[in-house]
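Report on the structure given below.
The values are calculated or read from the model by the stated rules, or taken from the named source; none is laboratory data. All values derive from a computational prediction rather than experimental measurement. Methodologically, a virtual Cβ is constructed for each residue, glycine included, from the backbone with ideal geometry; neighbour enumeration extends over all protein chains shown. Heads up: the accessible areas ignore ligands, DNA and RNA and are worked out on the full protein's heavy atoms, side chains in. Shrake-Rupley method; radii C 1.70, N 1.55, O 1.52, S 1.80 Å.
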Amino acid sequence: GSIALVGFGFDSLIEVTSGAALVWRLHSDADESRREHLEAITLRIVGVCFLLLAAYVSYDSIKSLIWREHPRESIPGIVLAIASLIVMPLLVRAKRKVARGINSAAFMADSKQTELCTYLSAILVGGLLLNAFLGWWWADPVAALIMVPIIVKEGIEGLRGETCCH
């Protein structure tokens with residue numbers, strides 16, 4: 001029942017989609033003009049994924065607040081989120097190193113996606129802990145809503161072909 005935990009899971013699905021698009025881009029990296037075209041497509045895929053995540057999190061968070069849906073405690077969710085807080089920054093650094101090495105805006109955008117996953121992990125931990133230990137059921141959907149403007153910004157930048165490296 002945790003929107004923050006479900007949103008985190010949905011973000012993981014987006015990570016897989018983004019990663020698959022990047023693998024496709026690597027295998028289709030024949031010539032310069034084609035590479036630029038594929039970079040643009042891949043950036044748009046990442047952007048759309050961000051916007052889909054923002055729409056889902058917004059809808060489910062608002063619904064949870066209106067209907068006063070109390071999420072259950074999730075110790076495995078807390079452990080997973082804490083593990084993500086440790087692993088994700090290391091993955092971001094590795095992805096950015098690869099992105100700079102092959103001069104790929106799409107890979108840089110994907111590293112931004114992973115960085116966002118780190119923020120989601122931190123917010124997830126906060127929402128889950130406040131719900132589990134203080135009984136603040138509303139902390140979970142509010143925590144999820146806090147991320148929506150950041151997610152939308154990243155989605156729009158992806159659609160425009162902008163990344164943190166431009």
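Applying the criteria of a DSSP loop state and at most 11 other Cβ atoms within 10 Å to the chymotrypsin sites (Phe, Trp or Tyr not before Pro) of the stretch 1-108 yields 67.
With a cut-off of 20 Å on the backbone N, the residues of the stretch 137-158 near the modelled label site 7 Å out from residue 41 along Cα-Cβ are 158.
Using a 1.4 Å probe on the protein chains only, how many percent of the accessible area of the stretch 101-166 belongs to carbon and sulfur?
Using a 1.4 Å probe with all protein chains present, the stretch 101-166 comes out at 67 percent carbon and sulfur.
Dividing the helix sum by the residues of the chain, where each DSSP H run of 4 or more adds -39500 (n - 2.57), gives a mean residue ellipticity at 222 nm of -30500 deg cm²/dmol. Look at the alpha carbon pairs under 8 Å that are at least 6 residues apart: their mean separation over the length of the chain gives a relative contact order of 37 percent. Normalised by residue number, the volume inside the convex hull of the Cα atoms of the chain is 90 Å³ per residue.
Measuring nothing but how far apart in sequence close Cα pairs (under 8 Å, 6+ apart) lie, relative to its length, the stretch 78-140 scores a relative contact order of 35 percent.
When 97, 153 are compared by accessible surface with a 1.4 Å probe, the order from highest to lowest is 97, 153.
Calculate, for the stretch 109-166, the solvent-accessible area per residue in square angstrom, rolling a 1.4 angstrom probe over the heavy atoms of the protein chains.
Computed with neighbouring chains in place, this is 42 Å² per residue.
With axes computed from alpha carbons, what is the tilt in degrees of helix 105-134 against the longest principal axis of the chain, rounded to the nearest 10 within 0 to 90? Helix 105-134 sits roughly 10 degrees off the main axis of the chain.
When 33, 58 are compared by accessible surface with a 1.4 Å probe, the order from highest to lowest is 33, 58. A full extension of the chain between residue 34 and residue 156 corresponds to an added length of 41.6 nm, given 0.36 nm per residue minus the alpha carbon distance. Length gained on full extension, residue 16 to residue 119, computed as 0.36 nm times the residue gap minus the Cα-Cα distance: 35.3 nm.
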